[in-house]
Amino acid sequence: MTVRVDRSFELSAPPERVWSFIADPENRARAISVVDEFTVTDPASHKVTWQVALPIPFVRRTVTVDTEDVTRRPPEYVKFVGNSSVLDVTGEHEIVATETGARLENHFVVDGKLPGVEKFFKRNLDDELENLRDELERHLQTTR
């Protein structure tokens, strides 16, 4: 019941600007369509609790997913883990400098603990990464 997705985006912005977005766990939570709301529980440790609404059988309420950045190497890499009774998620974001800006390499693993979780993420995780890209590009256009 594990889903893995690897996807990269080329961006015409310097790595430091990409880092300013991707290093913020609130920005990452905001970009995920199934995160109904989130709460920063420990800003110093980069812990955020997500309330996730999964449109699958057996899940009739939002699921609490406690996330934490477990590795941070500014300005190039952040890894987070999230745990809940329904799923575990690991996300990694690596920023690589390019001639024209930066490439953001994303790696996600979702381990479902209930039937239907892996099927949902298998169908939708690529779209969620596209949402992340859209939010990042919006951020880059509106900030300097």
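The values are calculated or read from the model by the stated rules, or taken from the named source; none is laboratory data. What you are looking at is a predicted structure, and each value in this text was computed from that prediction instead of being measured. Reconstructed Cβ throughout: ideal geometry from the backbone, glycine too, with neighbour counts over all protein chains shown. These area figures cover heavy atoms from the full protein model, side chains too; ligands, DNA and RNA do not enter into them. Shrake-Rupley method; radii C 1.70, N 1.55, O 1.52, S 1.80 Å.
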Notebook entry, point to check: Looking at region 26-69, which of the residues that are assigned to a loop (DSSP other than H, G, I, E, B) and hydrophobic (A, V, I, L, M, F, W, C) is farthest from residue 93 (Cα to Cα)?
Noted result: 58
Next item on the list: For region 56-68, state whether one or more residues are in contact (Cβ under 8 Å) with a residue 60 or more places away in the chain and within 19 Å of residue 2 (Cα to Cα).
Entry: yes
Next item on the list: Quick one: count up the residues across region 45-55 that are under 14 Å from residue 84 (Cα atoms) and either touching a residue at least 40 places away in the same chain (Cβ under 8 Å) or over 16 Å from the mean Cα position of the chain (by Cα) (or both).
Entry: 1
Note to self: As an exercise: evaluate residue 71 against (1) touching a Ser or Thr at 6+ places or on another chain (Cβ under 7 Å); (2) open to solvent by 40 Å² or more (accessible area, probe 1.4 Å); (3) over 14 Å from residue 21 (Cβ atoms) and give the number of the one condition it does not meet.
What the structure shows: (1)
Next item on the list: Only residues that are open to solvent by less than 60 Å² (accessible area, probe 1.4 Å), more than 14 Å from the chain's Cα centre (by Cα) and not β-branched (Val, Ile, Thr): list them for region 26-44, please.
Entry: 42
Check: So which of 106, 131, 83 is open to solvent by less than 40 Å² (accessible area, probe 1.4 Å) and polar (S, T, N, Q)?
Finding: 106
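Kindly provide the set of residues from region 109-128 that are aliphatic (A, V, I, L, M) and either surrounded by fewer than 19 Cβ atoms within 10 Å (Cβ to Cβ) or closer than 21 Å to residue 79 by Cα (or both), ordered by number. Steps first, answer last, please.
Here is the first cut: in region 109-128, the ones aliphatic (A, V, I, L, M) are 109-110, 114, 117, 125.
109, 110, 114, 125, listed by residue number.
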Checklist line | Close pairs (7 angstrom Cβ cut-off, 6 or more residues apart or separate chains): over 15 Å from residue 17 (Cβ atoms) in region 126-144, of a type in the set (Val, Ile, Thr) and surrounded by 12 or more Cβ atoms within 10 Å (Cβ to Cβ) anywhere | finding: 126/5; 128/32; 129/5; 131/32
Next item on the list: Note down all Cβ pairs under 6 Å where the first residue falls in region 6-25 and is open to solvent by 30 Å² or more (accessible area, probe 1.4 Å), the second is of a type in the set (Gly, Ala, Ser), and they're at least six residues apart or on different chains.
Entry: 12/101
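Pull up region 49-104, narrow it to residues that are of a type in the set (Lys, Arg) and under 26 Å from residue 118 (Cβ atoms), then point me to the one that is modelled with the lowest pLDDT. Even if it seems obvious, please write down each step before you answer.
Residues of region 49-104 of a type in the set (Lys, Arg): 60-61, 72-73, 79, 103.
Imposing the further condition that a residue be under 26 Å from residue 118 (Cβ atoms) reduces the set to 60-61, 79.
Numbers: 60: 79, 61: 87, 79: 98.
Here the residue is 60.
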Note to self: Could you go through region 92-101 and let me know if any residue there is charged (D, E, K, R), crowded, with 18+ Cβ neighbours inside 10 Å and assigned to a strand (DSSP E or B).
What the structure shows: no
